[in-house]
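K.L.:
I'd like to ask you about the structure that follows.
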Amino acid sequence: MTSSIDIERLLAPRVQDIETSGIRRAWALAADRVDPINLSIGQPDFPVPDALKVAAIAAIENNHNGYTQTNGDPALLASIEKKITNDVGWTFGDESSLSAMVTSGTAGALTLAYLAILAPGDEIIIPDPYFVIYPTLARIAEAKAVFCDTYPNFRMTADRIEPLITSKTKAVLLNSPGNPTGTVLQKDEVEAVAKLCRERGILLITDEIYDEFIFPPTTYTSPATFSEDVLVIRGYSKTYGCTGWRLGYAAGPSRLIDEMSKLQQQTFVCAPAPMQQAAINAYDIDLRPTIERFAKRRDMVIDALGDVTELIVPDGAFYTFPRVPEHLGMTGSEFILKAAEKNVLVIQGNVFSLKDTHFRISFAAQDDRLEEGLAILRSLLA
């Protein structure tokens with residue numbers, strides 16, 4: 001039976017304006033290759049820790065399979081609040097103006113935040129380079145993403161943000177450690193951004209999904225350390241290798257969390273209940289061996305490519321964002337096709353940026369495959 005409905009006519013402009021993720025296009029390239037060296041995917045290559053697996057199985061077997069409260073399982077919320085208190089000094093409870101909620105991944109938290117604060121015509125300042133959904137969510141909210149150019153050092157500083165603020169600015173979105181760059185802002189830089197936003201009456205949203213992926217001797221500072229006028233967004237997916245569990249959280253001013261919760265009740269309803277149970281004791285897991293392993297992989301990238309291209313050393317996350325050398329005379333999009341011809345998959349810069357001068361490498365790959373892929377990339381860049 002053939003449909004007689006003109007679906008094209010029915011589609012809303014917001015979906016027609018959204019392109020398929022360039023990351024998904026990289027996956028399509030993988031489908032055409034035999035055993036490609038995949039350095040494109042921002043997904044940890046290690047399994048979920050056994051303690052979390054056991055807890056998830058137990059939660060299912062003990063019938064924790066129904067809805068939780070919209071804001072999340074009370075025990076998990078208690079764990080989250082304790083973690084935030086330890087990290088930034090916030091206090092929660094009846095006398096506090098702060099609260100937290102569990103979300104369907106950090107993407108769910110970001111979606112709720114955008115929809116809660118942005119009306120048509122409002123503006124949100126985001127970094128460039130950016131994580132792929134940052135501008136897309138603004139389009140969904142019928143607002144405008146204002147791009148803060150952070151090239152060449154990828155640092156979103158107060159000096160770069162301030163000229164972009166207008167009467168329509170509702171929020172600034174900070175991402176440190178950053179995707180796709182791995183850049184970690186210094187304490188004074190973070191404090192200056194928090195101060196600027198507070199003085200201008202603008203919400204500071206801090207996407208801290210990689211907050212545990214910090215390579216010594218670098219230290220991490222959240223802007224929430226300096227202000228309570230901050231929405232902290234974190235998650236479990238990257239840190240514990242459970243990207244498919246879709247588990248994140250947001251913490252910040254109670255008035256905002258209340259409105260985000262209202263939206264969650266009408267959309268996501270709640271985050272997956274068994275996964276919430278599984279994550280209650282996640283912060284008891286020692287992550288140091290994992291961080292050490294990824295720091296060594298970071299060093300492998302620097303050793304292999306540092307002398308053949310312009311490369312900012314990543315201090316966190318598991319990405320690096322090298323520049324395609326000018327002598328090659330090609331864009332990032334052209335370069336990644338050359339790499340694919342050699343069976344190495346990386347992602348072109350314009351997936352994450354208004355520019356197409358760089359490409360992203362994910363070093364969340366097994367050491368032998370990473371080493372092989374880096375050798376090929378080096379030969380293409382030299």
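K.L.:
Scan segment 327-342 and tell me whether some residue there is within 24 Å of the chain's Cα centre (by Cα) and either of a type in the set (Asp, Glu) or in a loop (DSSP other than H, G, I, E, B) (or both).
P.N.:
no
K.L.:
Could you please find all residues in segment 231-244 being assigned to a loop (DSSP other than H, G, I, E, B) and more than 12 Å from the chain's Cα centre (by Cα)?
P.N.:
Selection gives 240, 241, 242.
K.L.:
Limited to segment 343-382, what total is found for residues that are closer than 24 Å to residue 127 by Cβ and not basic (Lys, Arg)?
P.N.:
Result for segment 343-382: 17.
K.L.:
Another one. Condition first: surrounded by 21 or more Cβ atoms within 10 Å (Cβ to Cβ) and part of a loop (DSSP other than H, G, I, E, B). Now tell me which residues in segment 273-287 satisfy that.
P.N.:
279
K.L.:
Quick check on my filter: what residues within segment 21-50 are at pLDDT below 70 and surrounded by 13 or more Cβ atoms within 10 Å (Cβ to Cβ)?
P.N.:
Matches in segment 21-50: 21, 22, 23, 25, 26, 27, 29, 30.
K.L.:
Let me ask you something else. Give, as residue ranges, the strands (runs of 3 or more DSSP E) completely inside segment 93-211 that count at least 3 residues that are in contact (Cβ under 8 Å) with a residue 60 or more places away in the chain.
P.N.:
So the answer is 98-103, 203-207.
K.L.:
Which of the residues belonging to segment 245-261 are in contact with a helix residue (DSSP H, G or I) (Cβ under 7 Å, 6 or more places away or on another chain), surrounded by 21 or more Cβ atoms within 10 Å (Cβ to Cβ) and not in a helix (DSSP H, G or I)?
P.N.:
Correct list: 247, 248, 249, 250, 251.
K.L.:
Can you list residue pairs whose Cβ atoms sit under 6 Å apart, with the first residue in segment 55-81 being on the phi > 0 side of the Ramachandran plot and the second being modelled with pLDDT of 95 or more and surrounded by 21 or more Cβ atoms within 10 Å (Cβ to Cβ)? Count only pairs 6 or more apart in sequence or on different chains.
P.N.:
Within 6 Å, the pairs are 72/101; 72/102.
K.L.:
Yes or no: residue 309 assigned to a loop (DSSP other than H, G, I, E, B), surrounded by fewer than 22 Cβ atoms within 10 Å (Cβ to Cβ) and touching an Asp or Glu at 6+ places or on another chain (Cβ under 6 Å)?
P.N.:
Here the answer is no, as residue 309 does not meet what is asked.
Let's see how each residue does on (1) in contact with a helix residue (DSSP H, G or I) (Cβ under 8 Å, 6 or more places away or on another chain); (2) basic (Lys, Arg); (3) closer than 17 Å to residue 360 by Cβ:
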| position | (1), (2), (3) |
| --- | --- |
| 263 | yes, no, no |
| 273 | yes, no, no |
| 277 | yes, no, no |
| 292 | no, no, no |
| 324 | yes, no, yes |
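K.L.:
Next question, about the same structure. Conditions: (1) part of a helix (DSSP H, G or I); (2) within 19 Å of residue 242 (Cα to Cα). Residue 47 meets all but one. Number of the miss?
P.N.:
(1)
K.L.:
Just for segment 312-324: of the residues that are touching a Pro at 6+ places or on another chain (Cβ under 9 Å) and either loosely packed, with under 15 Cβ neighbours inside 10 Å or among the aromatic types (Phe, Trp, Tyr) (or both), which one is nearest to residue 67 (Cα to Cα)?
P.N.:
Checked segment 312-324; the qualifying residue nearest to residue 67 (Cα to Cα) is 318.
K.L.:
Report the residue count in segment 354-371 for those that are touching a residue at least 60 places away in the same chain (Cβ under 8 Å), over 21 Å from residue 34 (Cα atoms) and buried (at least 24 other Cβ atoms within 10 Å of the Cβ).
P.N.:
So the count comes out to 2.
K.L.:
If I go through segment 225-244 residue by residue, how many of them are without any contact (Cβ under 8 Å) to a residue 60 or more places away in the chain and surrounded by 23 or more Cβ atoms within 10 Å (Cβ to Cβ)?
P.N.:
Residues flagged as without any contact (Cβ under 8 Å) to a residue 60 or more places away in the chain and surrounded by 23 or more Cβ atoms within 10 Å (Cβ to Cβ) within segment 225-244 amount to 2.
K.L.:
Have a look at 339, 304 and point out the one that is surrounded by 23 or more Cβ atoms within 10 Å (Cβ to Cβ) and either not aromatic (Phe, Trp, Tyr) or not assigned by TED's automatic domain parsing to the domain that holds residue 209 (or both).
P.N.:
Only one candidate passes the filter, namely 339.
The values are calculated or read from the model by the stated rules, or taken from the named source; none is laboratory data. Quick caveat, the model's predicted, so the values are computed rather than measured. Every residue, glycine among them, receives a Cβ derived from its backbone with ideal geometry; neighbour counts consider all protein chains shown.
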